[in-house]
Amino acid sequence: MITLPNSGKEAVVRYMDGDLQIVHSGSYVTCAVTGRPIPLDDLKYWSVDRQEAYVDCEASYKAEKAAAQKA
């Protein structure tokens with residue numbers, strides 16, 4: 001079995017328009033809405049403005065809706 005150095009470690013990511021930058025390496029990030037871990041290879045949804053990751057489009061929508069209500 002191969003053990004990767006960042007396996008099981010949460011990454012610190014800077015979310016940008018259409019891209020992301022790994023600040024501190026890891027294998028996953030945490031969804032801001034559900035708290036579920038998201039493997040970096042599966043990460044598709046995030047907010048540049050809030051610098052948050054989302055597990056799926058439904059979680060992203062919930063975060064957008066909540067942010068709009070606060071504004």
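The values are calculated or read from the model by the stated rules, or taken from the named source; none is laboratory data. None of these values were measured; they are calculated from a predicted model. Positions of Cβ are backbone-derived with ideal geometry, glycine not excepted, and every protein chain shown enters the neighbour counts. Each accessible area value is taken on the protein alone, full model and side chains, heavy atoms only, with ligands, DNA and RNA left out. Shrake-Rupley method; radii C 1.70, N 1.55, O 1.52, S 1.80 Å.
Observations, loosely collected:
- Pair list, Cβ < 9 Å and 6+ apart or interchain, from the stretch 4-15 residues that are closer than 7 Å to Ser27 by Cα and assigned to a strand (DSSP E or B) to residues that are modelled with pLDDT of 95 or more and open to solvent by 80 Å² or more (accessible area, probe 1.4 Å): Glu10/His24; Glu10/Pro37
- The number of residues in the stretch 51-67 being closer than 22 Å to Lys9 by Cα and open to solvent by 60 Å² or more (accessible area, probe 1.4 Å) comes to 1.
Residues checked against (1) loosely packed, with under 15 Cβ neighbours inside 10 Å; (2) among the hydroxyl-bearing types (Ser, Thr, Tyr):
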| site | (1), (2) |
| --- | --- |
| Gly8 | yes, no |
| Tyr15 | no, yes |
| Leu20 | no, no |
| Pro39 | yes, no |
| Trp46 | no, no |
| Lys70 | yes, no |
